[in-house]
Amino acid sequence: MFGYVRPFKSELLVRQYDQYKAAYCQLCRALWKHYGRLSTFTLSYDCTFYALLMLSLRESKLSLRRGRCVMNPLKRCDFLESDGEAYHKAAALSVLLTYHKLRDDLADDGFWKSLGSRLLLPLASRKAKRAAEEYPFLAQEARKAMEGQREAEAAGGGVDACAEPTAALLGALFKELACRELEGAALERFGYFLGRWVYLMDAADDLAEDLKNHAFNPFISRLGLEGKETLSPQERKAADEACNQALNATAAQMVLAFNLLDLQGFGPILENVVLKGLPEIQREILFLHVREKRRKRPEPQDLR
Amino acid sequence: MTDPYKVLGVSPSATDEEVKDAYRALAKKYHPDQYADSPLKDLADEKMKEINEAYDTITAQRKAGGNRGYTGAYNNVGRSGSSGFNDVRSLIMSGRIADAEQILNGVPPERRNAEWYFLKGSVLYRRGWLEEAKDHFSRACQMDPGNPEYSAALNQAMNQGSGFYGGYRPNANMNAGSCNSCDVCSSLICADCCCECMGGDLIPCC
């Protein structure tokens, strides 16, 4: 999706970092195995988080296997295998979200800019169809979210209305993982605010670019920046701080729900993501302006 | 019943002090006050009960005095004597957010007073629409500046944007400790200046 949901590397134990890397590589393998070589380009930190959450909510047997990297046969890689379908499901989600993203780009961009998406779409739609057959629930929720997003943005909705579809998507996906009802409530709430956080982070990240391109961004009307093309340093700073506050309020609610989850296995890694990784992204994007746009496929080594 | 030591996350060989610390940390984490406005209140209460029981069992086993856990929680939306929206208030208190919102939306614009904005804000807050909730709370405070209920709600909504409860705080140093060598030096120099003002001296050489 966006790649914001990732751990803060320097606060991970070395053991946890190795585990995270091995899980990341295993998800890449699952993508390759189930949806073909090209689908490994859809690999993201977000879907890795989804897989780790699934693996932490129920007992699963994990085993480490040494092998070669899927993309580069010269590189050695560890793979953290598990029984059950966690990786397969996360791979399906990754494919489905990318498919909807491509369709979205196609509708938004002009002919030349969308040429790449246009060429990839038939292939992606074939894979997405297979993923949808295997996981109809994921496909249905992803489609609902994309339609909701389109409607909310077309209606020029506020920050909350625009964040709702992504938030509801993760809420529904996480709720489905619950083993008991009360836990489902906490998972849904956690997913809701994580999705909301991701959407707001992305909107805050794109704010300057959207202003320049006269594209829709919910923060533009929220912060009263209509009609502006560029922001002075002071305006930029004020906008970043306002966005940061909205993100903090969301994170505060997320932490409350997260604290109620019973996590085994990767619990500490997930806690690192929620308590340290997300704030770090806010810092990097809003205060350090490390705007490395997600052009290339991220590697676990890229974690800061 | 599950192993009380496992619930608190300590080993059975832990000292009384360690058990107490673990209990305190968990009690802080699950404290019902934090969840007063959250639909997860039941789950938080359940967790709180679990750790209270575990702690009570351990202390009883060790015969090391009694314990009182946190009981009771306040809820931001309570009964209010002169309320025009008692039905909405009780719906919110029982967690029926959608019904409460429907009634609120049916109120014609000219009858929307400060309380309406407060209750609508509470509904939005529970749904996770934090930004609009904040707007509604501040509108309620503008219309009725003296009302403690409204200003408490606005304060809470504003505080959570500070990054203290989650997210990033620009003014706090996350990577190093809160006190680095630079802080120590500047504080000492500052203290020295203060002493000199009053006729004393802390650092004789400057």
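The values are calculated or read from the model by the stated rules, or taken from the named source; none is laboratory data. Fair warning: this is a prediction, and the values are worked out from it, not measured in the lab. Virtual Cβ from ideal backbone geometry, glycine too; neighbours counted across all protein chains shown. When the accessible area is computed, the model is the full protein with side chains, heavy atoms only, and any ligands, DNA or RNA have been set aside. Shrake-Rupley method; radii C 1.70, N 1.55, O 1.52, S 1.80 Å.
How much length would be gained if the chain were fully extended between A:ARG68 and A:SER221, taking 0.36 nm per residue of separation minus their Cα-Cα distance, in nm to one decimal? Before the final figure, lay out each step's value.
On the way: separation 153, 0.36 × 153 = 55.08 nm, distance 4.95 nm.
Here the answer is 50.1 nm.
With charges set only on the Cβ (+1 for Lys and Arg, -1 for Asp and Glu), what does the dipole of the range A:229-286 come to about its Cα centre, in debye to the nearest 20? Intermediate results must be reported in sequence, preceding the final value.
Working: 4 positive and 8 negative charges, 18 e Å.
Computed about the Cα centre, the dipole is about 80 debye.
For the range B:88-140 and the range A:14-45, what is the separation of their Cα centres, given in Å?
Rounded to whole Å, the Cα centres lie 44 Å apart.
Please name the residues of the range A:230-248 whose accessible area, counted over protein heavy atoms with a 1.4 angstrom probe, falls by no less than 40 Å² between the chain alone and the full protein assembly.
Residues shielded by partner chains are A:GLN245, A:ASN248.
With viscosity set to 1.002 mPa s and temperature to 20 °C, compute the Stokes-Einstein D of the range A:15-64, Rh being the Kirkwood radius across alpha carbon pairs; µm²/s, no decimals.
On the way: Rh = 11.4 Å.
Translational diffusion coefficient: 187 µm²/s.
³J(HN,Hα) across the range A:89-94 via Karplus (A = 6.51, B = -1.76, C = 1.60, θ = phi - 60°), whole Hz, x for Gly/Pro?
Result, rounded to whole Hz: 5, 5, 5, 4, 4, 4.
Over the range A:86-237, with a single point scatterer placed on each C-alpha, what log10 of the ratio I(q)/I(0) does the Debye formula yield at q = 0.12, 0.13, 0.21 1/Å?
The calculated log intensity ratios at q = 0.12, 0.13, 0.21 Å⁻¹ are -0.60, -0.70, -1.33.
Please compute, for peptide B:27-40, the average count of beta-carbon atoms on other protein chains lying within 10 Å of each residue's beta-carbon. Could the numbers behind the result be given before it?
On the way: counts 0, 1, 4, 3, 0, 0, 0, 4, 4, 0, 2, 7, 5, 11.
Neighbouring Cβ atoms belonging to other protein chains average 3 per residue here.
Using every Cα-Cα pair within the range A:85-159, state what percent have a distance larger than 21 Å. Walk me through the numbers on the way to the answer.
On the way: 935 of 2775 pairs.
Every Cα pair in the range A:85-159 considered, those over 21 Å come to 34 percent.
Along each of its three principal axes, how wide is the spread of alpha-carbon positions in the range A:35-174, in whole angstrom units, largest first?
50, 36, 26
For the pairs A:LYS9/B:LYS29; A:LYS175/B:LYS49; A:LYS61/B:LYS28; A:LYS89/B:LYS20, flag any whose C-alpha to C-alpha distance is greater than 31 Å.
Working: A:LYS9/B:LYS29 24 Å; A:LYS175/B:LYS49 23 Å; A:LYS61/B:LYS28 33 Å; A:LYS89/B:LYS20 42 Å.
From A:LYS9/B:LYS29; A:LYS175/B:LYS49; A:LYS61/B:LYS28; A:LYS89/B:LYS20, over 31 Å: A:LYS61/B:LYS28; A:LYS89/B:LYS20.
Considering only protein heavy atoms and a probe of 1.4 Å, how much of the accessible area of chain A is carbon and sulfur, as a whole percent?
Numbers: 7270 of 13730 Å².
Ligands and nucleic acids excluded, carbon and sulfur reach 53 percent.
What FRET efficiency, computed as 1/(1 + (r/R0)^6) with R0 = 22 Å and r the Cβ-Cβ distance, is obtained for B:LYS49 and B:SER90, rounded to the nearest 0.05? Don't skip to the end; give the middle numbers.
Working: r = 25 Å, r/R0 = 1.13.
It comes to 0.30.
Can you pull the three principal axis extents for the Cα set of the range A:180-278, in Å, largest first?
Over the range A:180-278, Cα extents along the principal axes are 50, 23, 18 Å.
Averaged per residue, what accessible area in Å² does the protein assembly as shown show with a 1.4 Å probe, protein chains only?
Numbers: 25310 Å² over 510 residues.
Per-residue value: 50 Å².
To the nearest 0.05, how large is the calculated FRET efficiency for B:ARG169 and A:LEU263 if R₀ is 25 Å and r is the Cβ-Cβ distance?
Working: r = 25 Å, r/R0 = 1.01.
Efficiency at R0 = 25 Å is approximately 0.50.
Going by alpha carbons, how many degrees (0 to 90, nearest 10) lie between the helix axis of A:159-175 and the longest principal axis of chain A?
10
How many angstrom lie between the C-alpha centres of the range A:196-250 and the range A:46-101?
34
Order of B:158-165, B:5-12 by packing, highest average Cβ count within 10 Å first? Before the final figure, lay out each step's value.
On the way: B:158-165: 18.1, B:5-12: 15.8.
Highest-to-lowest ranking by the protection proxy: B:158-165, B:5-12.
Quick one: buried accessible area between A and B, total over both chains, 1.4 angstrom probe, nearest 100 Å²?
3100
With runs of 4+ DSSP H residues as the only contributors, calculate the mean residue ellipticity of the protein assembly as shown at 222 nm using -39,500 (n - 2.57) per run, divided by the residue total and rounded to the nearest 500. Walk me through the intermediate numbers first.
Working: 20 runs with 305 residues, N = 510.
Roughly -19500 deg cm²/dmol at 222 nm, from the helical runs in the protein assembly as shown.
So what is the orientation-averaged projected area of chain A, using the convex hull of its C-alpha atoms, in nm²? Numbers along the way, then the final one.
Details: hull surface 61.9 nm².
Convex hull of Cα atoms, orientation-averaged projection: 15.5 nm².
Using a simple spin-label model with points 7 Å from Cα along the Cα→Cβ vector, what separation in nm is obtained for B:GLN61 and A:GLU85?
4.1
Pairing the Cα long axis of helix A:136-154 with the longest principal axis of chain A, what angle in degrees results, from 0 to 90 and rounded to the nearest 10?
10
Take the alpha-carbon positions of the protein assembly as shown, form their convex hull, and give its projected area averaged over all directions (one quarter of the hull surface) in nm². Walk me through the numbers before you get to the answer.
Details: hull surface 130.8 nm².
Mean shadow area of the hull around the Cα atoms is 32.7 nm².
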